[in-house]
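Nothing in this text is a laboratory measurement; each read-out follows from the coordinates by a stated rule. All figures in this text were calculated on a predicted structure; none of them were measured in a lab. Here the Cβ positions follow ideal geometry from the backbone for every residue, glycine too, while neighbour counts run over all protein chains shown.
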Amino acid sequence: MKQHQPPAWAQRFVEWYCKPGLVEDLTGDLHECFERNVATIGPRRAKLVYIIDAFKFFRSYTVRKSLFAHLFMNRTMIGSYVKTSGRNILRNKLFSFINILGLAISMSVGLLLIAFLLDLRTYDRFHENGGRIQRVTSIFSSNNEQGGKFATASIKTARLIREKVAGIEAVTTIKNDFSGDAKVGGNELPIKGYWAEPSLFRVFTFPMLQGDPATALKAPYSIVLTESAATKLFGDQTALGKAIEVDSMVYQVTGVMKDVPFFSHLRFEALVSLSTAEQMQNSDPGFGAWTNIWPYSVYLLPSKNADMAAIRTQLDALAKEENLADKNTRIQLELLPLFDIVVGESLRQSEGGPGFTGPHLSPTVLWILGALALIVILSACFNYTNLSIARAMRRVKEIGLRKAIGAGKNEVRLQFLAEAVMISMAALLLSFLLFLALRPLLINMAPEMQRMVKLDLSPAMVLAFIVFSVIVGVVAGFLPAVFFSKVSAINAFGNVSPVKTFRHLTLRRALVVIQYTVTLIFITTTAIGYVQYKNILAFDLGFNTTNILNINMLDNKPDAMLQALGEMPEVTGVSRSLITTGVGNAWGGNMKYRDSRDSQLVLTNHVDENYLPLHDYKLVAGGNFVARPASAEAVSEVIVNQQVVKRFHIAGNDPQKAIGEQITLNGRKMTIVGVMQDFHYGKVDNLIGPVAFTPWTPEDRTILSAKIHGADMPAAVAKIEAAWRQTDRIHPFTAEFYDEEIEQAYSEFSTMIKIIGFLSFLAISIASMGLFGMVVFTTETRLREIGIRKVMGAGAGNLIFLLSRGFLSLLSISAFIALPATYLFFNLFVLPNFPYHTPVQFTELFSGLLVVLFIAFVMIGSQTLKAARSNPVAVLKRE
């Protein structure tokens, strides 16, 4: 039979605390009880009883006296550590101030990052089954060309999963683009939401206040409102069962739910039954197609304890079967956990899709921000280490005395760690005030920040701040603690030999080199990034954007606004388009030439005949649109760029001969009437690809582009806004100058540059304070040498050179490391991602070095000049 044994660690615990004369009897009794319990109540419960008894016998009559004395001694020593540390902090006010301020500045960055991470981890945690929910994602490819990973999946995918995939408790589909003006009596307001299935309330936890969640989204033309939307439309009246009109369609309110929490990746004001969209688009053959992945998001709720590997295998088999129907298109299905949507892999999605409206942050960005914050914090820790080791050289006698009366290495380590933690806790109070001041600046740094985080205080956040402060204190005090714990009692009253980390550099010099290397990298990165960002904004896109105001018509017909703009003398031209190019928006379709098996995804835009001349697009062949089609079916002309001609080898790649050739775009035959010079349809970090312009039709949504001429731009915009109010009294005037839209399109770059610039400022401030402290310490310890040299005839210039030579040599080493490293990093890793970047200039590299050298010279020069001007007689007399 198997021999059962009590827990070994519990037995060792008894042997540790028990008196030597009682150990054998007590452990024997516990073993006997354990063997009886194994036979009566089983081995598991017997082990639990043994552990409980082991702790129950921890009594005054069983515990050895030396243990009580040891615990009391530890308590006394801790009190001694606190008193000694407090006195040292107060005795060295300047160094303590530098350490506390440096740690506080760096820790404020850490507090912001902690609050940011806690907010991101809060997303979608309110769903009861959030840990099980998965979103279906699609890898779309055409003609063996990788099209990218999308956050969407087709409505047919959801139906097939219900029918063929085992281990799924619920499936729900969400369709984007429900929006319009909701009318109830005299109330009218814009409303946005999704088309959804009844199963949405089974997958997600959105509490219903009125109505039945199982049937609320079942019948066509049913709508569920959030509490806020219902209040805006119906006031204090009950919304349930009443009708609302949205864009001439009447819907019945079948439910009122609680408002969607802020920390939700799905944000909406209303949900409309998906069966409504099916009725509206029953004539569209592509509505339920396998390849129509663009407007839908599919979510799964696997069963409890489901085998996720088996589910993925079934999804692969399902996709393989469906892909057989279309050999030119291939879709692969994957699963993305709900908690990884906001902070997870960046996926492509159709404009306005369910994932599009919610926040998202790449893990790479988080890692970068975390690494930058850690570097700044370590810089402050280096300051503490440098100053502590330098200042504590005067405390070696104290250490020797402690060791002489019985203190060991652990006690010395605890002394220095306690002092570091006390300084860190003092810095936490100041850093918390800085956190409160910097929090609104971070949130308002970019519009995405306002929609993503709140940074409100919570008990978990406060606890994280305290733990973070203790960790920083331990990290800052670790090296001084280890350094001085090795000092023997005999050597403590003599000289302490320096600890070498490099061949010719002491520990403190090595830390200074590291600190200034990091500071130079920060500053140089900011300078290079800023120059590249400005070059991007000034980059030649291939069309003109100056003084062009883009007006979003918000589903309104443009005729009235066109007439109003035509009557304004400030407006010299107006055009219509479907989207705004050059800012990251995209619209596309499949294009074919003569070979029906050869297709290409081509980016498109629908524009009128005024669009090309208004934006100064350059035609290399052909002309502008001639016809004005009234519907999409009537479109027969297309203008392509040079990349289309090259991609399909049209007319031997000759733009002139390509005029009159026919292509097929989205299944419709069109004639090429013009060839444009290549331009940047998307952002400049993307290569120029095939682009096609087709005529704008009244069925399309509209962006009006107005060319404004005049010195008083604000007055012209105000006049246009007044005209908007005459045509639409409900929706706000949504218009931006083209150049401002381009600047916003690259807001992520500007935000990153602002963050790195801010961290650069903190890094150089912390490094300068540390350098100042080291210079003060050096000059104080070398006052006698300075006095002797002055008596021997040395001048102020010679003394400044003598005292600053060591620091300047360390800065030179830092520059020798930092500048080539930054240059290689940008050329090898950053700039290759931007095909149209400009080379790094030497002025950008050395500007940061000049700033650091200037600040260092001021710090070093002020203190050394003060020491050099001191009276040598007074110094030598005092010595």
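Here are the numbers for the structure shown:
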quantity	calculated
Peptides ranked, highest mean first, by Cβ atoms within 10 Å: ranges 709-719, 518-528, 410-420, 284-294	518-528, 410-420, 284-294, 709-719
The chain, helix-only ellipticity at 222 nm - DSSP H runs n ≥ 4, -39,500 (n - 2.57), divided by all residues, nearest 500	-16500 deg cm²/dmol
Charge dipole (debye, nearest 20) of the chain; +1 at Cβ of Lys and Arg, -1 at Cβ of Asp and Glu	5920 debye
Global geometry of the stretch 705-830, whether rounded, prolate or oblate, following the gyration tensor of its Cα atoms and the 1.5 cut on a/c	prolate
Cα gyration tensor, the stretch 169-290 - rounded (a/c under 1.5), prolate or oblate	oblate
Gyration tensor (alpha-carbon) shape descriptor, the stretch 538-591, a/c threshold 1.5	oblate
Charge dipole magnitude, Cβ of K and R +1, D and E -1 - the stretch 134-340, Cα centre, debye nearest 20	360 debye
Spacing of the two label points (7 Å from each Cα toward its C-beta) at R784 and Q841, in nm	5.4 nm
Neighbour cut-off at most 10 other Cβ (10 Å), DSSP loop, GluC sites (Glu not before Pro), the stretch 118-208	E128
Extent along principal axes [Cα atoms of the chain; Å; largest to smallest]	99, 93, 59
Contour minus Cα-Cα distance for L828 and Q677 (0.36 nm per residue)	51.3 nm
Overall Cα dimensions of the stretch 134-340 - principal axes, largest extent first, Å	55, 39, 27
Descending Cα extents along the principal axes, the stretch 548-737, whole Å	52, 32, 29
Cα long-axis angle, helix 65-91 against the chain (0 to 90 degrees, to the nearest 10)	80 degrees
Theoretical gain in end-to-end length, N444 to H709 [0.36 nm per residue, Cα-Cα removed]	92.2 nm
Rounded Å value of the spacing that divides the Cα centres of the stretch 802-856 and the stretch 296-317	51 Å
D (Stokes-Einstein, µm²/s), Kirkwood Cα radius, the stretch 652-763, 1.306 mPa s at 10 °C	83 µm²/s
Residue-count net charge about R312 - beta-carbon cut-off 14 Å; Lys, Arg +1, Asp, Glu -1	0
Net lengthening on full extension, D259/D340 (0.36 nm per residue, minus Cα-Cα)	26.9 nm
Nonlocal amide H pairs with L189, under 5 Å, H built at 1.01 Å	A182
Which listed pairs, of K19/K56; K232/K258; K93/K866; K320/K592; K618/K646, have C-alpha distances above 22 Å, in listed order	K320/K592
P(r) weight above 15 Å for the stretch 690-742, C-alpha pairs, percent	63 percent
Kirkwood estimate for the stretch 795-840, i.e. one over the average of 1/r between Cα atoms, Å	13.2 Å
Least to most buried among S577, S106 (fewest other Cβ within 10 Å first)	S577, S106
Helix axis angle, 713-727 relative to the chain longest principal axis, alpha carbon, degrees	50 degrees
Diffusion coefficient, µm² s⁻¹, Stokes-Einstein with Kirkwood Rh over alpha-carbon pairs of the stretch 8-63 at 20 °C and 1.002 mPa s	189 µm²/s
Per-pair calculated FRET efficiency, R0 = 60 Å: I51 and L189 via Cβ, rounded to 0.05	0.40
